[in-house]
Every structure is written in C-alpha cells, then in structure tokens.
Amino acid sequence: MSAGHTGGTDLLDPCGSPTHPDCGIRDVLDRVGDTWSVLVIAELSAGTRRFGELQRAVVGVSQRMLTLTVRRLERDGLVTRTVYPTVPATVTYELTQRGRELSSLVRLLADWSASNRAAITRSRAEWDAGNPGSGVR
C-alpha cells in the first residue's frame, strides 16, 4: 500500500509492514503456489488418483519431487493419503475439503492463464523488442 494509506488493515499490505508484521501469507503462497503443487491440486480436483496416475498426469515431475509435493500437501491438510493393504500396497491421494476449496481458486487461475496466454506472449515480445539485452525472462 502507499505511504499515505490510512485505512484499516488491508490484506495486500506487504508482510513485515507495521500492519502485518508476520502475516504468514508468504509461507502459505510459497507452498500452494509452487509449480508442482498447483499441478497436483489441479489433477486431484478431478478425483482420487494413485501415485502413478499423478506422475503420468503431471508431466515433467520426478518421482522424488512428486513424493515431496504430496507429502507437503498432506502436511498442510490439503491432500489425504490412503494406503490399502494389498500386495504391493495401493496408495491413493485425494483433496481434503480445504484442498477442494483451494482447487476452485487454482481452476480460476488456470482459466485466467489460458484466456490471457496469447496477450501475455504478445506483451512479452513487445517489451523484449523495446528492451534488447535486458536479460529479463
């Protein structure tokens, strides 16, 4: 917010500002906003998935990164992991209620991204043409 802002507490004030000395927003956004978490949440919004199904659906994710991602999402209460006593063990993942709430926001972001992708690509090309050698990507 601007230095002249005199209104009440605004959630858009930066973390560490006098009105939000420790707002916790960064911590949550770092987790739910990383590439793999967003893609896993988007995939699980369609329903329960086994690990292999998730790995095939989330193109480019390694087994190790997918394991870390679903564990972190489970720790945050966004995903439930269920192990079935079969040989070999069957493990499924599904969104919790909190995860489903988040998935609707992820869907809005994905829809917005799809709608604006071409315009953003054009804006980048125009900016790059006007700022050669900037190194910004």
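The values are calculated or read from the model by the stated rules, or taken from the named source; none is laboratory data. Everything numeric in this text was worked out from a predicted model, so none of it was measured. With ideal geometry, Cβ positions are generated from the backbone for all residues, glycine too; neighbour counts draw on all protein chains shown.
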Check your understanding: What are the residues in the range 79-137 that are closer than 20 Å to GLY33 by Cβ, at pLDDT 95 or above and small (Gly, Ala, Ser), if any?
Key -> GLY99, SER115
Practice item. Take the range 69-105 and flag every residue that is in a helix (DSSP H, G or I), closer than 21 Å to GLY52 by Cβ, without any contact (Cβ under 8 Å) to a residue 24 or more places away in the chain and not basic (Lys, Arg). Key: GLU74
**Study point:** Any chance ARG50 is modelled with pLDDT of 95 or more, within 30 Å of VAL136 (Cβ to Cβ) and not hydrophobic (A, V, I, L, M, F, W, C)
**Key:** no
Review point. Of ALA57, ALA110, ALA118, ALA42, which residue is exposed (fewer than 12 other Cβ atoms within 10 Å of the Cβ) and aliphatic (A, V, I, L, M)?
Key: ALA118
